[in-house]
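The structure appears right after this line, and notes come after that.
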Amino acid sequence: MTTEVLPPVQDTRRYIVHTDGACRNNPGPGGWGAVLQLEEEGEIIKEKDLSGTTISETTNNRMELSAVLGGLRRLKDKTIPITVRSDSKYVVNGMSTWLEGWKRNGWRKADKTTVLNMDLWQELDQLQETLGPISWVWVKGHSGDPMNDRCDRLANVAIDNALKRSNAA
């Protein structure tokens, strides 16, 4: 008789991090929005809206990366699997396809130019080393995805509020 060793029971929880970045005029003032969800056995049991902004010249890609970083930094339990949902192919492809090559090539792209937004990519790379496994999912933006639309609103409200504060000063 042989004894079969069974794998440990999979965690029935996961974080879902919905993200979006926005920029006025690109480059221009920018904002980001994220919604963090803790799912347990298929049910959302906790949820939190986050946002941030910069009124200095920035780009949409920087804000997309900032949204992911803003969400991942806030996760409390570092062992729970994570699904990041983004409408940015730049973010999703960067993390799932390009990152290892960039690191191997000294943070240079195939055409030998330096990776743009390298500071944010490096921070994201370091952060993912400390977290549970992350899966990267692309969602089509402005297509009626309720969570993506919510993140877009958070990002744009953050820009509006920052511009109002700046103009009042």
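The numbers here are math on the coordinates, done by the rules we state, and not lab data. Being a predicted model, the structure only gives us computed values, none of them experimental. All Cβ positions, glycine included, derive from the backbone under ideal geometry; neighbour counts span all protein chains shown.
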Quiz item: Does a label point 7 Å from the Cα of GLN122, set along Cα-to-beta-carbon, have any residues of region 62-93 with amide nitrogen under 11 Å, and which are they?
Solution: none
Self-check item: Given the chain, longest segment not containing exposed loop trypsin sites (Lys or Arg not before Pro) (DSSP; at most 11 other Cβ within 10 Å)
Solution: 1-75
Exercise. Just subtract the alpha-carbon distance of ILE44 and THR113 from 0.36 nm times their residue separation and send over the number in nm, one decimal.
Key: 20.6 nm
Quiz item: Antiparallel as a % of all DSSP beta bridges within region 13-159, to the nearest 5?
Solution: 70 percent
Quiz item: Roughly speaking, what is the stretch gain from LYS78 to LYS164, that is 0.36 nm per residue apart minus the C-alpha to C-alpha distance, in nm to one decimal?
Solution: 27.3 nm
Quiz item: Build a GNM of the chain with springs between Cα atoms under 10 Å: which of ALA67, ALA155, ALA110 gets the top mean-square fluctuation?
Solution: ALA110
Quiz item: What is the order of MET95, MET147, fewest Cβ neighbours within 10 Å to most?
Solution: MET147, MET95
Quiz item: If we count other beta carbons within 10 Å of each Cβ, what is the order of VAL137, VAL91, fewest first?
Solution: VAL137, VAL91
Quiz prompt | Projected label distance in nm at LYS140 and THR59, using a 7 Å step from Cα toward the beta-carbon | solution = 2.6 nm
Exercise. For the chain, find the longest principal axis of its Cα atoms and tell me its angle to the long axis of helix 146-168, 0 to 90°, nearest 10.
Key: 30 degrees
Practice problem: Using the structure shown, list the pairs from LYS46/LYS78; LYS48/LYS78; LYS48/LYS76; LYS46/LYS89; LYS46/LYS76 with a Cα-Cα distance above 22 Å, or answer none. | Solution: LYS46/LYS89
Quiz item: Can you work out ³J(HN,Hα) from phi for every residue in region 109-119, in order, using Karplus 6.51 cos²θ - 1.76 cosθ + 1.60 and θ = phi - 60°, giving whole Hz and x for Gly and Pro?
Solution: 7, 4, 7, 6, 7, 5, 4, 5, 6, 4, 4
